[in-house]
Amino acid sequence: NDFYADMPEPPTGSPLLGARKSEFRSLFYIDIVGSVSDAPIVNALRHLAEMAPFLRVLGCYPMSGKLKNHVAKAVGTPDGTIISDELSRFTLDTPAIPKLSEKLLSVAPMESKRLKIAVIGFGNFGQFLAKTFVKHADVVACNRTDYSAQAKAIGVTYYNDPESLLSKEDDIDVVVISVAILAFEKIVSLLPKERLRDILVVDVLSVKVFAKTVLMAELPEDAGILCTHPMFGPESGKYSWSGLPMVYDRVRINDNETCEQERMPMSERCSLFLDIFSSENCAMVDMTCEQHDKQAADSQFITHFTGRVISRLNLASTAIATKGFKSLLTLRDQTVKDSFDLFSALYICNPNAEATLSKMRTAIKDLVVDLKSNKSKLHFNHTESSDEKKDDMERLSEFINKVSPSKTGETFGLATKLKQEGKDIVMTLCVGEPDFPPPKPILEAAKAAIDSGKTRYTPVQGILELREAIAKDLKTRKDVEADPNNILITAGGKQAIFCAILAMCDKGDQVVVPAPYWVSYPEIVRLSGAEPVIISRDPRKDFILSPIELSAVLTPNTRMIILCNPCNPTGCLYQRSDLEAIAALLSRPEYAHIYVLADEIYERLTYDGSEHISFASLPGMQHRTLIVNGFAKAYAMTGFRLGYLVAPTKILKAALKLQSQLNSCACSISQYAGVKALSLQQSELDPLYAELEKKRNLTVGRLNKIPNVYCASAKGAFYAFPDVSAYFGSNVKNPHDGSPIASTTALCQYLISYHGVALVAGDAFGEPKGIRLSFATSMEDINKAIDRLEAGLEALEIS
């Protein structure tokens, strides 16, 4: 251990950077006889990853191959020596070589190998790369825009499209995809897959997990994948690449035994391609895609974000500008040179960026609080005005200053105000509340509780009859064993979430919140002192959180993951396979400390014959799951304020203690109504849910008919969350006053002010590209609202 105590920190750019010395007792190499694509090897590596804090597959090589360069020198053989199968069974030490040389060794002549590289996407960056590639390889390229003149000047064979290039050039070794991040997935999906078999495919994007995920999903299994990020461009690399970082991850480099013998092995092509950058003296950084994105969010993204913020302040140099201030202006000028699409892609396609943004918000809020609290320390001759004295008397707590008001509440409040002023406003689509009344037996049970005097305090934990009914319901419908003693009855589902998070989370903890999210999740997390880590989800994949996306943000500080299923505001529903994949990830030893808060308030509201699966029902997950549910959505009991929390004993007791000091207990009348609700037959509820499904079909169907609007099919809850990003931005203006429609918030303000429809902006849910509509209203209001939405979008001035 003394040796490791003295071990120096890893060099800048190393994949070990940031790892604590104490984490390593041993660091060593293992040679394995086999291919990384073999099932036993894959399984062995998976188990090894579970045990080891650091595991990297450095590459593979043939057992019968050539000894090259320093390797040949190390074993005392000439460069180019071929190892036979017989020799590969011997230890290659110096004494053995002379004895075996005549029998086993033959010397191959030295040969200079030259790659053939195809560059798909021959814009500014593609041309920049090609100028260096041509010194080391034969280069062909293509682009939809005609860059044939530029290609000729560089010495590159040019085609107008990938199909022509890949069909006419049949000896390509490497395909480099050099396109915009936001266009990457579409372009890769359109490539002729058969032409990419046994070809090394390289991406050069600034975000890596996204690129890796797309390539793994789209390419043939025998295509090689090398994810790279040359961290320089036409400006910084204009004169030299020396010392500039080149990040790479050999994602899938398999030497295919079935390929044509004359083809260069995949591993050799990969090495030769990387040699182009090393020969230009780049700083070569071998780093996983996941490590890259974590580090890039806290460096590249935060740099771009800071520069963009400064640009919006319209600052200029002054006579008293400091060196530091001038550096900020230089940062601004450098970052705004890049397109906004690149900047937004660094946010959209790297889930770690939202976590960084969240930390910045929290840091700014905390800093403002610290500044204001320090104000009282200032002593100088100044007589406070009456207004200043009043402000000091009405000073609010640090605790409450951490909280932002509910955006959904603000929208509903504005719509109500406008309606009271006599304006025609369709406002029913902005509220998350069923439009049907509670079933009659529930109302009768509530009245009976009043008439029989059940109007007094109940135990803080809730009445036993209701807790037993919940336990029975969980066992019958969800296959979850729950003891009534592990159930807490709360004043609504929101209080259950509040009690769970405040009981478990503290300063320094992190809580993963998939976006789009219910507006209260991040705010409750901040109240606990913990940090919400926001992770974006893809509407084209039905907003389902993948294990790859999740693993990218998990850390030793992750305390909890919030999983709303079905989801408010998207209506997405996780299938069993989706949940099992997340559970498999969390079963790894390094994630054994993480809990899941499963918000299942909408679990009865599923469509298309889909079944809701409780996360707690998965093997090994119940003791790590906190279930939150209630009666507001499934039974339309929103005003009854009745919910519950199911949790392991220690956590339940902590939540119980918190509730005892908050509101003592849930309403007694509501609790007895809840007992009756759980006794209803499914046949009594199905007609209500069938109506909601019809409204879902109408809403999603109509939204997807609007030009440039995409809405994922909501399989649960009663919300639709369409992507309307084509209708806001720097090129979109309000036709009435010429003001810019720069965000979904501005778009929704325009829609309510000029077209009389109240919708909630996606900014409130952590997804700035969308808006939320609740279809738990009348068919008439749905049609009227979408008519007005469509008219409002059509009227916008888009340049």
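Lys238 versus Lys193, label points 7 Å from Cα toward the beta carbon: distance in nm?
4.4 nm
What whole-number distance in Å separates the alpha-carbon centres of the stretch 315-332 and the stretch 455-530?
50 Å
On a full-extension model of 0.36 nm per residue, what is the gain between Asp787 and Ser739, subtracting their alpha-carbon distance, rounded to one decimal in nm?
So the chain would gain 15.0 nm between Asp787 and Ser739.
Relative to the present Cα-Cα distance, how much length would full extension add between Ser397 and Glu433 at 0.36 nm per residue of separation?
Contour length minus Cα-Cα distance gives 9.7 nm.
Just need log10 I(q)/I(0) for the stretch 556-677 at q = 0.16, 0.19 Å⁻¹, Debye formula, equal scatterers on the alpha-carbon atoms, no solvent, rounded to two decimals.
Normalising to I(0) and taking log10 leaves -0.89, -1.15.
Which FRET efficiency value, to the nearest 0.05, is calculated for Glu797 and Asn708 with the Förster distance at 25 angstrom and r the Cβ-Cβ distance?
Step by step, r from the Cβ atoms, then E = 0.95.
I need the calculated FRET efficiency for the pair Asp298 and Asn731, taking r as the beta carbon distance and R₀ as 45 Å, to the nearest 0.05.
Once rounded, the FRET efficiency stands at 0.90.
How large is the accessible surface per residue of the stretch 123-167, computed with a 1.4 Å probe and reported in Å² as a whole number?
48 Å²
Mind giving me the nanometre distance, one decimal, between the label points for Thr649 and Glu465, set 7 Å out from Cα along Cα→Cβ?
Distance between label points: 2.8 nm.
Taking R0 as 22 Å, what FRET efficiency do you get between Ser610 and Ser679 from their Cβ-Cβ distance, rounded to the nearest 0.05?
0.35
If I model a spin label at Tyr29 and Leu342 as a point 7 Å from the Cα along the Cα→Cβ vector, what separation in nanometres do I get?
For the pair Tyr29/Leu342, the computed spacing is 3.8 nm.
Rounded to the nearest 20 debye, what is the charge dipole size of the stretch 506-639 about its Cα centre when +1 sits on each Lys and Arg Cβ and -1 on each Asp and Glu Cβ?
100 debye
If you place +1 on the Cβ of every Lys and Arg, -1 on the Cβ of every Asp and Glu, and leave all else neutral, what size is the dipole of the stretch 470-551 about its Cα centre, to the nearest 20 Debye?
Dipole about the Cα centre, nearest 20: 240 debye.
Whenever you get a sec, compute what percent of the accessible area on the stretch 504-637 sits on carbon and sulfur atoms (1.4 Å probe).
Whole-percent figure for carbon plus sulfur exposure: 49.
How large is the convex hull of the Cα atoms of the stretch 588-634 per residue, expressed in Å³ as a whole number?
Each residue corresponds to 83 Å³ of Cα convex hull volume.
With charges set only on the Cβ (+1 for Lys and Arg, -1 for Asp and Glu), what does the dipole of the stretch 408-459 come to about its Cα centre, in debye to the nearest 20?
Rounded to the nearest 20 debye, it is 240 debye.
Round to a whole number: what % of the accessible area of the stretch 706-799 belongs to carbon and sulfur, probe 1.4 Å?
49 percent
Exceeding 22 Å between C-alpha atoms, which entries from my cross-link table qualify? They are Lys447/Lys695; Lys694/Lys715; Lys676/Lys715; Lys494/Lys694.
Violating the 22 Å limit, Cα to Cα: Lys447/Lys695; Lys676/Lys715; Lys494/Lys694.
Using the heavy atoms of the protein chains alone and a 1.4 angstrom probe, what is the accessible area of the stretch 611-750 per residue in square angstrom?
39 Å²
Stretch Asp451-Glu523 to full length: gain in nm at 0.36 nm per residue minus the Cα-Cα span?
That works out to 22.0 nm of additional length.
The values are calculated or read from the model by the stated rules, or taken from the named source; none is laboratory data. Note that the coordinates shown come from a computational prediction; the quantities given were computed from them, not determined experimentally. For neighbour counting, all protein chains shown are included, and Cβ atoms are generated from backbone atoms with ideal geometry for every residue, glycine included. Remember, those area values only see protein heavy atoms, side chains included, never the ligands or the DNA or RNA. Shrake-Rupley method; radii C 1.70, N 1.55, O 1.52, S 1.80 Å.
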